[in-house]
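Below: the structure, in structure tokens.
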Amino acid sequence: MSGDIAVSVVVPTRDRTTRLLLTLTALGRQTLGRERFEVVLVDDAPRPGAVAEVLSALPPGLPVRTAATGGRGVAHARNTGARSARGALLLFLDDDTVAGPGLLEAHLAAHADTEAAVLHSAVTDLSAFALTPDPHPLRPALVGARGRRIEPATLAGLDAAVPLLGPRRSFIERTARKVIRPPGHAALRWLGCIGTATSVRRALFDRVGGFDEHYGDLWGGEDLELGLRLAASGAAFDLLDPVSYHLPTARRDTGDLLPRFWRRVADRHGDPRLADVGTYLTGRLPLDELAARLAPPTGPRPNALPPTGLPRAGLPPTGAPPTGLPPAGFPRAGLPPTGPSPAGLSRVGLPPAGVPPVGLPRAGLPPAGFPRAGLPPTGPSPAGPSPTGLSRVGLPPAGVPPTGLSPAGLPRAGLPPAGVPPVGLPRAGLPPSGLPPVGLPSAGSSSNGTVAS
């Protein structure tokens, strides 16, 4: 910072002629004293020449300093201008924007009276010039539709001439007024960080690292991306009333460039939702839907989801009760459902946590549907016979060894004396591998009377 300079106006430019002349001429008409501001003009054209031509036609007295960046993109050009700026307040203005006479004074006063660190003032497009290319070499007047003209000599009466110049508010200008003040879109206030007629305190700009030069000269929203990071730092945003006039140039590649740019932003930020900003800016997504998609979570941040089709370690989506069934074809990491099974199906085959999935024996136990090798039930048997006419008589309560013979003179649960198999029967009542035990239910029925899933 130097002397009494309070505001540095950073103007990146590339191959502009008459539009740049009008931009600089309007800055020379500001009500703020010329000793209080400076203009830092950064030429990003690969081949210099246009800036020198414009400066030679500019009336004397405007405090202009210049720099050149050689075609590295508007973000780099703006950062270059900000680094050499001497004011505590940075105001970014495009090379096709004609500032109203009170613009700089209004921004400077507002920053003294508000906590908002980022201020944007209204910009009206003059669409009569949308199809008018910048003339080469420089001409003193820009001529638009129906012979409409704008030139340095007519800037003093521009407000009166505006109704004849196709005034309209651009899509992003309308967006700024929808998001900055209404409480319903607080998460989108950073969309008011528009690249022209926007001021930010220099200390805050430096703290977030300025514009991200990672995108090179890809067009599509380096100003809004700065706003995204400013919002993340806690910056407040607001709007000002003074009007500037934009001399737009129609683009035919907007529908392609905006989505490409915001896909890059989404990748760089690690937030796929940000790709939706490009969809919104091309008019294919309502603002309310964008706000809903980008709204911060209201509860604990959910774990990152795996690729589509893979379960999240057996857990249902955050806040949703388990449905009782894992994703198609995948067990839920051994976790049984916490509610009732679907009609007609049991939860047999979903082992407790830490036990291998269905089909693997549990520490020596057979798969679901086979008797458990003569182990007693863990509680008293229910009254009445077990399935298929077999009784669980003879199996004592858990933890109690059998005493003597079971009722009706039967041996103890069909088990022979230790180490001696019964004549003609397999050991421990188990059939040879792959054969069901004689007289016992086949696989598909379990000892607790439910059907295996």
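The values are calculated or read from the model by the stated rules, or taken from the named source; none is laboratory data. As the structure is a prediction and not an experimental result, all values here were calculated from the model. As a convention, Cβ positions derive from the backbone with ideal geometry for all residues, glycine included, and neighbour counts pool all protein chains shown. The accessibility values were calculated without ligands, DNA or RNA, using every heavy atom of the protein model including side chains. Shrake-Rupley method; radii C 1.70, N 1.55, O 1.52, S 1.80 Å.
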So residue 10 ticks every box in (1) open to solvent by 20 Å² or more (accessible area, probe 1.4 Å); (2) not in a helix (DSSP H, G or I) but one. Which box is left unticked? (1)
Those residues that are without any contact (Cβ under 8 Å) to a residue 12 or more places away in the chain and under 29 Å from residue 135 (Cα atoms), I need them from region 254-289; list them, please. 256
Output yes when any residue across region 141-150 is surrounded by 15 or more Cβ atoms within 10 Å (Cβ to Cβ) and in a helix (DSSP H, G or I), and no when none is. no
Please go through region 160-191 and pick out each residue that is under 20 Å from residue 126 (Cα atoms), open to solvent by less than 50 Å² (accessible area, probe 1.4 Å), part of a helix (DSSP H, G or I) and not hydrophobic (A, V, I, L, M, F, W, C). 173, 175
Condition check: surrounded by fewer than 24 Cβ atoms within 10 Å (Cβ to Cβ), modelled with pLDDT under 95, more than 33 Å from the chain's Cα centre (by Cα) and closer than 28 Å to residue 164 by Cβ. Does residue 101 satisfy that? no
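Before we move on, is residue 53 in contact with an Asp or Glu (Cβ under 8 Å, 6 or more places away or on another chain), in contact (Cβ under 8 Å) with a residue 24 or more places away in the chain and on the phi < 0 side of the Ramachandran plot? Full working, then the answer.
Numbers: in contact with an Asp or Glu (Cβ under 8 Å, 6 or more places away or on another chain): no; in contact (Cβ under 8 Å) with a residue 24 or more places away in the chain: yes; on the phi < 0 side of the Ramachandran plot: yes.
Spelling it out, it is not the case that residue 53 is in contact with an Asp or Glu (Cβ under 8 Å, 6 or more places away or on another chain), in contact (Cβ under 8 Å) with a residue 24 or more places away in the chain and on the phi < 0 side of the Ramachandran plot.
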Taking only region 220-275 into account, find how many residues are among the acidic types (Asp, Glu) and open to solvent by 30 Å² or more (accessible area, probe 1.4 Å). 6
Scanning region 133-150 for residues that are out of contact with any Ser or Thr (no Cβ under 8 Å at 6 or more places or on another chain) and under 24 Å from residue 92 (Cα atoms) gives 150
Could you please tell me which pairs satisfy a Cβ distance under 7 Å, a separation of 6+ or placement on different chains, a first residue in region 80-91 that is more than 11 Å from residue 200 (Cβ to Cβ) and open to solvent by 10 Å² or more (accessible area, probe 1.4 Å), and a second residue that is hydroxyl-bearing (Ser, Thr, Tyr) and modelled with pLDDT of 95 or more? 80/69; 86/8
Yes or no: region 54-72 includes at least one residue that is closer than 17 Å to residue 7 by Cα and open to solvent by less than 20 Å² (accessible area, probe 1.4 Å). no
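Find the residue count for region 13-36, including only residues that are outside any loop (DSSP other than H, G, I, E, B) and under 25 Å from residue 142 (Cβ atoms). Give the steps one after another, and end with the answer.
Let us first name the residues in region 13-36 that are outside any loop (DSSP other than H, G, I, E, B), namely 13, 18-27, 34-36.
Among the residues that remain, those that are also under 25 Å from residue 142 (Cβ atoms) are: 13, 18-27.
Summing the residues that are outside any loop (DSSP other than H, G, I, E, B) and under 25 Å from residue 142 (Cβ atoms) in region 13-36 gives 11.
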